[in-house]
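Before we start, here is the structure in question, set down as structure tokens.
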Amino acid sequence: MTDPDHIANAAVNAHQEKFGRGFLFLYLIITLLFLIRFLPLLKMDARLWGFNHLLFLPPVVTAVYAALAVVALALPFFSFSAGVGDFIVRRFSAVFFESGRKYFHWAVLASAAATLFVIFPAPTHFLGDGYSWLANLSSPTGTIFKWSEWGTTLLLSNVQALLGPKNVETARSAFQVISVLSGVISIWVFLLISRLVSEDPTKKILVFLGMFMSGGLLLFFGYVENYPLIWVSFTGYIYFGLRYLNKRSGLLLAAAFLVAGFIIHLQMVIAIPAFLYLLLHSRAGLELYRHRPKTVWAILSTIALFGIIVFTYKYTTDLYFESIFLPLLKGGQSGVSYAMFSLPHIIDIINELLLLSPLILLFLLPSAGRLKILFKQPDTAFLALISITGFAFLFVIDGTLGMARDWDLFSICAFAPTLVFIMLFNENYRRALNRVFLPMLILWITAPVAFLVTNLQTEPSLEYHKYCLNLDKKGSFSSLVTLRDYYRNLNDNGKVDSLNQLIGLKFPNETGIFKALDAVGKNDLKTARKILNAVTPNKFSSDYHNLLGSIYLREGNYEKAVDELEDAVQLQKYNPNLLSNLALAYANHNQLNRSYEALKRGYKLDRRHAGIVRGLADYHLLCSRFDSALYYAERLVSADSTRIVGYFMLARIHIKKADMQPAKKYIGLYLKYGKSDPMYGRRSTMLLKLLESQQKKESGTK
């Protein structure tokens with residue numbers, strides 16, 4: 001009789017001989033990755049935003065995807081599939097890495113991609129802060145340069161200046177130019193990295209596809225945000241870092257790309273630990289570690305301790321800095337159920353990774369057994385450090401719009417993990433990998449294309465945005481306002497009214513704050529206090545702190561007004577309205593120097609802000625700097641459409657200067673046109689008394 005175990009072993013050996021070791025494992029993972037695209041069809045509002053894009057496309061697209069999935073999953077069982085896969089791999093390597101004309105082929109590929117980027121620009125800009133950045137770059141009062149990404153804004157402003165006058169169209173074009181150029185450069189760097197990391201043709205194409213076939217491609221289709229450019233510095237940094245570890249050249253260029261990345265966006269901080277690793281692998285670093293390992297560890301420990309101290313100080317003293325990070329167990333800005341270890345956040349991380357690297361699971365699991373050598377190879381150790389810090393960034397940072405809409409903030413976080421998992425891929429699975437290469441290729445193409453097609457058409461992108469809003473309703477106030485303004489620009493009054501009703505119904509706190517601020521403006525403190533009592537306190541809301549500060553200011557409680565308005569400005573450092581209110585609170589609290597500093601900061605942001613300009617005129621008048629006071633008062637006349645307050649200020653200044661003829665002129669203008677001023681009675685009386693007093697002084701002198 002034949003031994004059953006022998007028969008079973010023979011069957012397994014025959015299967016492995018035909019399909020390769022690990023085939024079933026890889027095949028099941030690919031099958032799962034295809035099937036999860038259908039899950040959202042079962043529950044359309046489920047938190048599956050990283051792979052639910054078929055929902056927003058015509059049903060025929062789902063049918064085509066289903067047919068492609070069936071074909072893809074059947075292909076490995078045909079004997080020709082491994083040969084076709086191997087042919088594609090070797091042909092790709094021959095054309096892009098072995099050919100004497102490889103750089104020409106690179107240029108053709110980059111040009112073809114650039115053509116697609118230009119032909120199909122993103123029609124809407126709801127993901128990220130697109131419309132806010134458009135408004136900032138096109139603002140007639142001046143562009144705000146945030147400290148965390150001022151380099152990108154500076155470059156965009158200069159590109160816009162080359163394109164024409166400052167308006168929404170040139171702002172959009174500037175973003176599109178930077179977006180497309182970032183894509184072209186990034187693709188070139190993808191090819192450089194693919195050539196560098198391995199001599200194996202299979203790994204080369206896997207590395208390239210892992211970087212290229214990603215939802216991150218959307219950033220290069222005229223995407224309006226500050227993140228496309230970070231890909232250039234980030235990928236350049238990784239390339240030169242790997243080049244240094246492999247060929248001992250490129251350290252200075254890696255440092256240059258790191259610095260450029262910091263100038264572009266502060267999220268480049270995730271690359272710092274890996275750069276320290278590069279320094280330790282320099283000749284000087286290795287020599288130092290060989291002879292003085294304790295000194296090296298002491299230096300690294302000191303740096304880490306210093307970082308912890310700085311972080312703790314900022315976290316406990318700066319509300320804005322605190323608001324950047326998710327709480328451990330209970331919600332921050334994004335909602336009470338959203339925290340680092342909350343289920344919605346964990347699900348969002350999975351969505352983000354699958355969006356950015358559709359096949360990451362396929363490479364993660366077969367690489368798990370080789371993680372023990374992760375830090376034994378310099379190149380994988382370098383990528384592992386970037387992966388760890390990138391994942392930490394993904395895990396702890398609060399995307400205040402919700403991760404589905406703030407996906408671009410985390411777009412670089414899956415890059416290094418994808419690379420390192422491919423580099424560690426178990427060689428024992430090589431034959432099986434050849435068998436499943438064609439379904440992998442089909443999945444790699446279809447997964448990001450669905451995301452791209454959804455967001456490169458107006459109606460699907462709008463529907464996707466509305467779906468994302470429903471995922472994080474508590475954090476969707478600003479996005480609903482942006483959507484309302486979008487429809488307002490289209491003169492779609494029906495949708496505007498509907499959204500206004502929705503905002504009023506779903507966000508009683510926010511609408512209550514604005515109503516209370518309106519009451520404060522009318523000096524109706526009783527109503528303002530009544531509304532405030534119904535508002536839920538929110539320490540991360542600048543509007544809430546502004547309301548409290550404004551009420552305290554009107555009530556004469558200047559110390560509390562200063563405290564609240566300082567918190568408001570901490571949370572929105574680039575809001576001239578808040579700086580104007582804070583300057584007024586400082587002035588009333590007899591902190592004139594701090595008031596002046598707040599006014600100067602506000603003036604840099606908006607040179608037409610009536611409150612800021614008037615405050616500067618008041619300050620210089622108080623200091624008897626009449627020329628400066630006149631300068632700002634004259635600007636106030638042009639800044640204020642009614643010109644009333646400007647006339648009042650000019651009259652005061654000329655009286656103080658004893659220039660009676662222009663003083664009388666501006667008093668007359670104020671008395672004639674100022675009756676609509678809520679403070680007309682008080683101000684007109686003040687001017688007449690000042691005029692009378694000055695005239696008496698002149699009479700006494702004579």
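Would it be correct to say that residue 337 is free of Cβ contacts under 8 Å to residues at least 40 places away in the same chain and touching a Gly at 6+ places or on another chain (Cβ under 9 Å)? Before the answer, list the steps.
On the way: free of Cβ contacts under 8 Å to residues at least 40 places away in the same chain: yes; touching a Gly at 6+ places or on another chain (Cβ under 9 Å): yes.
Yes.
For the stretch 282-331, what are the residues that are among the aliphatic types (A, V, I, L, M) and over 27 Å from the mean Cα position of the chain (by Cα)?
284, 286, 288, 296, 298, 299, 300, 303, 305
Let me ask something else about it. Quick one: what pairs do we get from the stretch 601-629, first residue within 19 Å of residue 591 (Cα to Cα), second modelled with pLDDT under 90 and surrounded by fewer than 17 Cβ atoms within 10 Å (Cβ to Cβ), C-beta under 7 Å, 6+ apart or different chains?
621/656
Which of the residues spanning the stretch 279-298 are open to solvent by less than 60 Å² (accessible area, probe 1.4 Å) and farther than 25 Å from residue 246 by Cα?
Taking the stretch 279-298 and keeping what is open to solvent by less than 60 Å² (accessible area, probe 1.4 Å), we get 280-282, 285, 293, 295-296, 298.
Passing the criteria: 295, 298.
Out of (1) in a loop (DSSP other than H, G, I, E, B); (2) under 28 Å from residue 53 (Cβ atoms), the odd one out for residue 375 is which?
(2)
Pairs under 6 Å by beta carbon, first residue under 17 Å from residue 239 (Cα atoms) in the stretch 258-272, partner polar (S, T, N, Q) and assigned to a helix (DSSP H, G or I), six or more apart or different chains?
That search, which allows pairs on different chains as well, returns 260/233; 261/233; 270/389.
Another question, then. For residues that are closer than 13 Å to residue 610 by Cα and touching a Lys or Arg at 6+ places or on another chain (Cβ under 9 Å), scanning just the stretch 627-640, find the one that is most open to solvent (accessible area, probe 1.4 Å).
Taking the stretch 627-640 first, the residues closer than 13 Å to residue 610 by Cα are 632-640.
Next, only the ones that are touching a Lys or Arg at 6+ places or on another chain (Cβ under 9 Å) stay: 632-633, 635-640.
Numbers: 632: 37, 633: 0, 635: 73, 636: 2, 637: 24, 638: 94, 639: 32, 640: 29 Å².
Result: 638.
To keep it simple, each residue is scored yes or no on (1) of a type in the set (Val, Ile, Thr); (2) in contact (Cβ under 8 Å) with a residue 24 or more places away in the chain; (3) touching a Gly at 6+ places or on another chain (Cβ under 9 Å); (4) open to solvent by 40 Å² or more (accessible area, probe 1.4 Å).
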| residue | (1), (2), (3), (4) |
| --- | --- |
| 92 | no, yes, no, no |
| 96 | no, yes, no, no |
| 101 | no, no, no, yes |
| 104 | no, no, no, yes |
| 114 | no, yes, yes, no |
| 120 | no, yes, yes, yes |
| 126 | no, yes, no, no |
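Follow-up. Would you point out which residue out of 313, 289, 277 is over 30 Å from residue 377 (Cβ atoms) and not polar (S, T, N, Q)?
Working: 289 fails: over 30 Å from residue 377 (Cβ atoms); 277 fails: over 30 Å from residue 377 (Cβ atoms).
Only one candidate qualifies: 313.
Pairs under 6 Å by beta carbon, first residue touching a residue at least 24 places away in the same chain (Cβ under 8 Å) in the stretch 454-473, partner part of a helix (DSSP H, G or I) and of a type in the set (Val, Ile, Thr), six or more apart or different chains?
These pairs meet every condition: 460/454; 464/454.
Return the pair list, or none, for Cβ contacts closer than 8 Å from residues in the stretch 512-538 that are at pLDDT 90 or above to residues that are surrounded by 13 or more Cβ atoms within 10 Å (Cβ to Cβ) and not in a helix (DSSP H, G or I), at least 6 apart or on different chains.
512/535; 513/535; 513/541; 516/535
Grab the helices (runs of 4 or more DSSP H) fully contained in the stretch 641-702, keeping just those with 2 or more residues being out of contact with any Lys or Arg (no Cβ under 8 Å at 6 or more places or on another chain) and within 21 Å of residue 628 (Cβ to Cβ). Step through it out loud before you land on a result.
Values: elements: 644-657, 660-673, 680-701.
Counting at least 2 such residues, we get 644-657, 660-673.
With respect to residue 137, is the statement that it is open to solvent by less than 10 Å² (accessible area, probe 1.4 Å) and free of Cβ contacts under 8 Å to residues at least 60 places away in the same chain true?
On the way: open to solvent by less than 10 Å² (accessible area, probe 1.4 Å): yes; free of Cβ contacts under 8 Å to residues at least 60 places away in the same chain: yes.
So residue 137 fits the description; yes.
Working carefully through the options 344, 366, 358, find the one that is modelled with pLDDT under 85 and either open to solvent by less than 60 Å² (accessible area, probe 1.4 Å) or under 30 Å from residue 253 (Cβ atoms) (or both). Talk me through it step by step, then tell me what you get.
Working: 344 fails: modelled with pLDDT under 85; 358 fails: modelled with pLDDT under 85.
Checking each option against the conditions leaves just 366.
Looking at the stretch 51-73, is at least one residue farther than 30 Å from residue 348 by Cβ, open to solvent by less than 70 Å² (accessible area, probe 1.4 Å) and assigned to a helix (DSSP H, G or I)?
Yes, some residue in the stretch 51-73 is farther than 30 Å from residue 348 by Cβ, open to solvent by less than 70 Å² (accessible area, probe 1.4 Å) and assigned to a helix (DSSP H, G or I).
Considering only residues that are assigned to a loop (DSSP other than H, G, I, E, B) and hydroxyl-bearing (Ser, Thr, Tyr), look in the stretch 522-561 and name the one that is surrounded by the fewest Cβ atoms within 10 Å (Cβ to Cβ).
Initial filter on the stretch 522-561 (assigned to a loop (DSSP other than H, G, I, E, B)): 522-524, 534-541, 556-557.
If we keep only those that are hydroxyl-bearing (Ser, Thr, Tyr) too, we end up with 536, 541.
Numbers: 536: 9, 541: 23.
Here the residue is 536.
Among the numbered criteria (1) without any contact (Cβ under 8 Å) to a residue 60 or more places away in the chain; (2) aromatic (Phe, Trp, Tyr); (3) in contact with a helix residue (DSSP H, G or I) (Cβ under 6 Å, 6 or more places away or on another chain), which one does residue 363 miss?
Condition not satisfied by residue 363: (1).
Given the options 581, 590, 575, name the one that is without any contact (Cβ under 8 Å) to a residue 60 or more places away in the chain, within 35 Å of the chain's Cα centre (by Cα) and surrounded by fewer than 22 Cβ atoms within 10 Å (Cβ to Cβ). Can you show your working first?
On the way: 581 fails: surrounded by fewer than 22 Cβ atoms within 10 Å (Cβ to Cβ); 590 fails: within 35 Å of the chain's Cα centre (by Cα).
Matching residue, one of 581, 590, 575: 575.
Looking at residue 351 and the list (1) closer than 30 Å to residue 507 by Cβ; (2) in contact (Cβ under 8 Å) with a residue 12 or more places away in the chain; (3) outside any helix (DSSP H, G or I), which single condition is not satisfied?
With respect to (1) closer than 30 Å to residue 507 by Cβ; (2) in contact (Cβ under 8 Å) with a residue 12 or more places away in the chain; (3) outside any helix (DSSP H, G or I), residue 351 is out only on (3).
Being without any contact (Cβ under 8 Å) to a residue 60 or more places away in the chain, hydroxyl-bearing (Ser, Thr, Tyr) and under 21 Å from residue 338 (Cβ atoms) is the filter here; which residues of the stretch 302-327 pass it?
315
If I ask for residues that are charged (D, E, K, R) and within 15 Å of residue 584 (Cα to Cα), which ones from the stretch 529-557 would you list? Before you say what the answer is, go through the steps one by one.
Pass one, the stretch 529-557, residues charged (D, E, K, R): 529-530, 539, 543, 554-555.
Across the stretch 529-557, the qualifying residues are 554, 555.
Of 565, 502, which residue is open to solvent by less than 20 Å² (accessible area, probe 1.4 Å) and in a helix (DSSP H, G or I)?
Every option except 565 fails the conditions.
Kindly check whether there is at least one residue in the stretch 299-307 that is buried (at least 17 other Cβ atoms within 10 Å of the Cβ) and either of a type in the set (S, T, N, Q) or under 30 Å from residue 421 (Cα atoms) (or both). So that I can check it myself, show each step before the final result.
So the first thing to find is which residues in the stretch 299-307 are buried (at least 17 other Cβ atoms within 10 Å of the Cβ), and the list is none.
So far as the stretch 299-307 goes, no, none of its residues is buried (at least 17 other Cβ atoms within 10 Å of the Cβ) and either of a type in the set (S, T, N, Q) or under 30 Å from residue 421 (Cα atoms) (or both).
The values are calculated or read from the model by the stated rules, or taken from the named source; none is laboratory data. The model shown is predicted, which means the values in this text are computed figures rather than measured ones. Ideal geometry is used to build each Cβ from the backbone, glycine not excepted, and the neighbour counts take in all protein chains shown. Just so you know, the surface numbers come from the protein's heavy atoms only, side chains and all, with ligands and any DNA or RNA stripped out. Shrake-Rupley method; radii C 1.70, N 1.55, O 1.52, S 1.80 Å.
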